[in-house]
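Report on the following structure.
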Amino acid sequence: MAQSFALVLLAVIALGSGCCYGWILSGWWTPCFNNPPIDLGCFPLSYPFNNSAGFYPQSPESMNIQFHVYSRRHNITVTLEDVQQNLLNNYNVSRNTVLIIHGYLERQDEIWIKDLIRELLIKNDVNIITVDWYQGANSFFYYQSVANARVVGAVLALFVQELISLGSQPSSFHLVGFSLGAHVAGFAGSRLGGIGRITGLDPAGPSFEDAPPEVRLDPSDALFVDVIHTDSTLGIGMGTLVPMGTVDFYVNGGEDQPSCANSVIGRVSAFFNTLGSGFDSMRTALGCSHMRATQLFMQSVNHVCGWPTYLCPDQDSLQQDQCTPCDTGQCHGMGYNLVYQSVLHSSVCYRTNTPELFPFC
């Protein structure tokens with residue numbers, strides 16, 4: 001599989017440093033993380049988990065994985081070790097819980113995450129938890145972060161189990177993961193079983209596009225999995241055309257988005273035009289189509305966008321003239337307010353058309 005050109009550029013400008021010990025030790029050492037209460041088991045690189053170019057995952061301690069809990073009344077930070085004592089009076093087990101998982105080269109206080117938290121709390125007084133795995137996601141080597149995603153998913157699964165022990169129902173959890181974070185959600189869901197919903201916001205393609213279901217987000221990871229694809233152009237896209245959900249929405253065909261630079265030359269030009277304006281601006285210029293999934297999902301929380309949707313035969317037939325227009329109520333609608341129920345784990349493909357400019361509604 002061709003490595004994404006955009007991800008290569010992002011790695012070059014990434015903050016932080018990588019670690020190549022996994023590549024050096026690959027083939028004869030398997031890391032195991034069994035320090036109570038973080039008993040995660042072992043993480044071999046044998047098939048099918050051989051998609052990280054020989055990099056083994058780093059330890060949960062070195063990644064400093066934290067969880068930030070928000071409601072209309074408070075926000076606190078907890079770790080897996082202190083869930084019981086810190087959340088006993090700061091977490092409402094009778095409410096639904098949305099867990100937000102950032103992607104590669106991100107942290108939990110990204111602008112899109114702050115905007116999504118605001119929109120969610122305007123709509124409902126839900127429990128909101130952001131998963132902060134910044135030190136594992138900001139490796140100079142993309143493949144190191146790919147390997148780390150497995151461990152983060154395992155830690156997240158233990159964290160959700162702690163919340164279930166407080167009284168929450170598994171079906172009340174909605175995991176929202178962007179890019180590499182979508183696969184973190186998948187790893188957590190596959191360990192837990194019975195999670196209500198996972199939303200994958202343009203799941204990362206490099207290292208996952210050709211991987212079997214157990215190595216990536218797939219429809220069996222929750223009772224319902226919806227995926228929004230926005231950046232899957234071959235060779236330069238950060239996402240993938242591969243269906244990974246119970247329903248998969250391919251925005252404007254899923255390969256690239258209007259008003260974004262969608263060629264190698266265009267992305268390079270956009271990147272150089274932002275030099276000197278900060279890392280976030282450079283990343284946004286390169287990942288415009290990729291990040292469109294986060295903006296669309298955020299807008300869908302409190303707005304009825306009425307995006308035209310078409311039912312398509314499969315992911316290889318996403319042109320509008322190959323798909324069937326959906327009548328009102330006939331198809332799922334893309335976004336947070338999607339009406340769903342537990343269904344057979346088979347993928348349904350939609351093409352959803354959106355406007356060119358923000359707020360895309």
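Consider Gly200 carefully, then state whether it is farther than 19 Å from Asn337 by Cα, open to solvent by less than 10 Å² (accessible area, probe 1.4 Å) and outside any loop (DSSP other than H, G, I, E, B).
So Gly200 does not fit the description; no.
Table: residues versus (1) assigned to a strand (DSSP E or B); (2) modelled with pLDDT of 95 or more; (3) crowded, with 20+ Cβ neighbours inside 10 Å.
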| site | (1), (2), (3) |
| --- | --- |
| Gly235 | no, no, no |
| Met238 | no, no, yes |
| Asp248 | yes, yes, yes |
| Asn262 | no, no, no |
| Gly266 | no, no, no |
| Gly276 | no, no, no |
| Met282 | no, no, yes |
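Could you tell me how many of the residues in segment 75-89 are open to solvent by less than 50 Å² (accessible area, probe 1.4 Å) and either closer than 27 Å to Asn337 by Cα or not β-branched (Val, Ile, Thr) (or both)?
5
Within segment 323-356, which residues are assigned to a loop (DSSP other than H, G, I, E, B), more than 20 Å from the chain's Cα centre (by Cα) and modelled with pLDDT of 90 or more?
Within segment 323-356, Cys323, Asn353, Thr354, Pro355, Glu356 qualify.
Read through the list (1) under 26 Å from Thr294 (Cα atoms); (2) open to solvent by less than 50 Å² (accessible area, probe 1.4 Å); (3) modelled with pLDDT under 85; (4) not β-branched (Val, Ile, Thr), then give the number of the only condition that Phe5 fails.
Result: Phe5 passes all but (2).
Could you please give the count of residues in segment 70-89 that are more than 11 Å from Ile129 (Cβ to Cβ) and assigned to a loop (DSSP other than H, G, I, E, B)?
6
Quick one: which residue in His290, His303 is in contact (Cβ under 8 Å) with a residue 12 or more places away in the chain and in a helix (DSSP H, G or I)?
His290
Could you please find all residues in segment 321-332 being without any contact (Cβ under 8 Å) to a residue 40 or more places away in the chain and open to solvent by 40 Å² or more (accessible area, probe 1.4 Å)?
Of the residues in segment 321-332, the ones without any contact (Cβ under 8 Å) to a residue 40 or more places away in the chain are 321-331.
Result: Asp321, Gln322, Thr324, Pro325, Asp327, Thr328, Gly329, Gln330.
For segment 172-182, state whether one or more residues are under 21 Å from Ile117 (Cα atoms), more than 15 Å from the chain's Cα centre (by Cα) and open to solvent by 10 Å² or more (accessible area, probe 1.4 Å).
yes
Quick check, is Asp226 on the phi < 0 side of the Ramachandran plot and acidic (Asp, Glu)?
yes
The values are calculated or read from the model by the stated rules, or taken from the named source; none is laboratory data. Please read these numbers as outputs of a predicted model, since none were measured by experiment. Every residue, glycine among them, receives a Cβ derived from its backbone with ideal geometry; neighbour counts consider all protein chains shown. These area figures cover heavy atoms from the full protein model, side chains too; ligands, DNA and RNA do not enter into them. Shrake-Rupley method; radii C 1.70, N 1.55, O 1.52, S 1.80 Å.
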